[in-house]
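See structure below.
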Amino acid sequence: MIMMAIILTITLTANTFLSQHDYTHVHKPLPRLAPAASLVGAFTYVSNFENVNEPPSYYGWISINGQAPVIVTQPNYWGEPALESTALNGEPQIDIVNPSLIVRGDQFLSFQVAIYYGDGGSGFFGLVNSNYEPVAIVGIANGYVWAGPNLTDLKPVVPLLSLSNALYPPGWVFIMVNVFNASTPYNKTAGWVMQVFVDQTDEPPFEVSVPDAGNYYTAVINTTSGTVYYTDIIVTSLEIPIYLQKYNNMEGYGQGSGLLTTLLPPFYNLTALVLLRYWNTPQVGILSFQINAMNYYGATRSSCVGFFQIGVDLDPNGTIAPWYVPGKNCFAHYYFNETTMNPAVLPGIQTPNNTLLRLMIYYNMSTKEIIFEVYDYNTDQLWVHEIPYSGTPFYATYTQLEFQYAYTKYPIYDYIFNGTMFDIQVTFLNETTKTLPANYMTPFELSAPPTWDLTYYNVNASGYNQFAR
């Protein structure tokens, strides 16, 4: 690892320095909208069926009715294997998650599932009580996505034919759900509700009453007819889908900024590799890809304090602009502005498609400084900046694709990106380096349009593909 005390000199055109804008690139932390999560009772359960070529593991799924399911590689969800479930002779095929893997008694849950409807079957995913009776359920049947408190009280959410413009593999639908107790001291009778998002979170959710959801016991797959495939399954006390107006659109993986299942052991180094396959954007400083590290304060609160970032803007004409956020004020500081420390957005530098970057946030405790580093393997350029720091090590991390909605002159659909973030690693204080497991790298999608997709978190690659069309 190369550490430098000064910024490398970068040759830029005169236009680069003169094209300064009158706005700043503000990176707000992930907002905390769900009820305050305690680490007691917090959990994340993940079924991604990735180890299909290893000794079979069904991720705690137990068949309780009908033919046992099998893990298959076709059809797959962006390459992720799926659980094939078939109902025979009018008898549903039902599986539950081993109840020991689900924490009960929480007042807020999120879950997600990708369901393949291409073979015309009918199937559902959701929560059941201790008698295995549904208390909050979503699924596909008769050309619609449905949602309700049980299988006899379902409401149509959206027709499947209307989803053809979403950026998801053909025949797949991606459903995200929040289930929570909406009662407050001012409205004690609101009861439990379920918010349903289909292929996007940038529109208000479909909402339905689920009065018995507080009695959830475990998760269920229930295929009522034909053959249905399920994958990318997560049940968690974190908030996955978020709809929020007047906030930067964003999505990514990880934890922090007050949304926690667990703190990581303290670490001092965060690195990731980023492959920028292709991007096409009409305006500088709007779309960016980044990693975040948070100290204890920044991890346990939704705050700009203790919130460190490094990333690149995906700018027009094959250019990128590297920047960092130094743990305060949430303003991006561009490496091209080091002499003035002016956080105003600047155009970037040329780099080709399939550029490979290394991103790093490093806390050098002996010199009491944090080092932000971006290295471009294609152009052999390195950007480095150091800030004085003597606080706690880092305790949380997450990744982000982020859109600066307030400053764009063009619709979000005009910003196109195809990339991969992988080899995401942290180095703990005992010098052990570790990639992060799927039950830590929990997804979030904040006002994400249907033309975005962060695919799934691949444990073997310690990363994921990110698309924006």
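Could you grab me the full set of residues in the stretch 194-222 that are over 23 Å from Ser100 (Cα atoms) and hydroxyl-bearing (Ser, Thr, Tyr)? Within the stretch 194-222, Thr201, Ser209 qualify.
Scanning the stretch 304-326 for residues that are open to solvent by 10 Å² or more (accessible area, probe 1.4 Å) and either in a loop (DSSP other than H, G, I, E, B) or in contact with an Asp or Glu (Cβ under 9 Å, 6 or more places away or on another chain) (or both) returns Cys304, Val305, Pro316, Asn317, Gly318, Thr319. Within the stretch 364-383, the residues that satisfy the criterion of being charged (D, E, K, R) and surrounded by fewer than 22 Cβ atoms within 10 Å (Cβ to Cβ) are Lys368, Glu369, Asp376, Asp380.
With respect to being of a type in the set (D, E, K, R) and open to solvent by less than 30 Å² (accessible area, probe 1.4 Å), Glu133 falls outside the description.
The conditions of being in contact with a strand residue (DSSP E or B) (Cβ under 7 Å, 6 or more places away or on another chain), in a strand (DSSP E or B) and closer than 26 Å to Gly105 by Cβ are not met by Tyr253. Might you check whether a residue that is open to solvent by 50 Å² or more (accessible area, probe 1.4 Å), in the same structural domain as Ser57 (by the TED database) and closer than 23 Å to Tyr457 by Cα occurs anywhere in the stretch 185-204? Checked against the condition, which is being open to solvent by 50 Å² or more (accessible area, probe 1.4 Å), in the same structural domain as Ser57 (by the TED database) and closer than 23 Å to Tyr457 by Cα, the stretch 185-204 yields no hits at all. In the set (1) closer than 30 Å to Pro266 by Cβ; (2) modelled with pLDDT under 95; (3) outside any loop (DSSP other than H, G, I, E, B), Met341 fails one condition alone, (3). Any idea which of (1) at negative phi; (2) open to solvent by 10 Å² or more (accessible area, probe 1.4 Å); (3) not assigned by the TED database to the domain that holds Gly348 is the one Lys246 doesn't satisfy? So the condition that Lys246 fails would be (1).
Within the stretch 275-289, residues that are assigned to a loop (DSSP other than H, G, I, E, B) reach partners that are of a type in the set (Phe, Trp, Tyr) and buried (at least 21 other Cβ atoms within 10 Å of the Cβ) with beta carbons closer than 6 Å, at six or more positions or on different chains, in the pairs Thr281/Tyr415. Looking at this structure, is Gly298 in a helix (DSSP H, G or I) and modelled with pLDDT of 95 or more? Answer is yes for this residue.
You will find that of Gly139, Gly171, Gly123, the residue that is under 22 Å from Gln74 (Cβ atoms), surrounded by fewer than 16 Cβ atoms within 10 Å (Cβ to Cβ) and small (Gly, Ala, Ser) is Gly171 and no other.
Pairing residues of the stretch 36-63 that are at pLDDT below 60 and open to solvent by less than 60 Å² (accessible area, probe 1.4 Å) with residues that are part of a strand (DSSP E or B) and not polar (S, T, N, Q), at Cβ distances under 9 Å and at least 6 apart in sequence or on separate chains, gives Ala37/Phe108; Ala37/Leu259.
The values are calculated or read from the model by the stated rules, or taken from the named source; none is laboratory data. Bear in mind the structure is a predicted one, so any value in this text is a computation, not a measurement. Note that we place each Cβ from the backbone using ideal geometry, even for glycine, and neighbour counts take in every protein chain shown. Ligands, DNA and RNA are stripped out before the accessible areas are found, and what is left, the full protein with its side chains, is counted by its heavy atoms. Shrake-Rupley method; radii C 1.70, N 1.55, O 1.52, S 1.80 Å.
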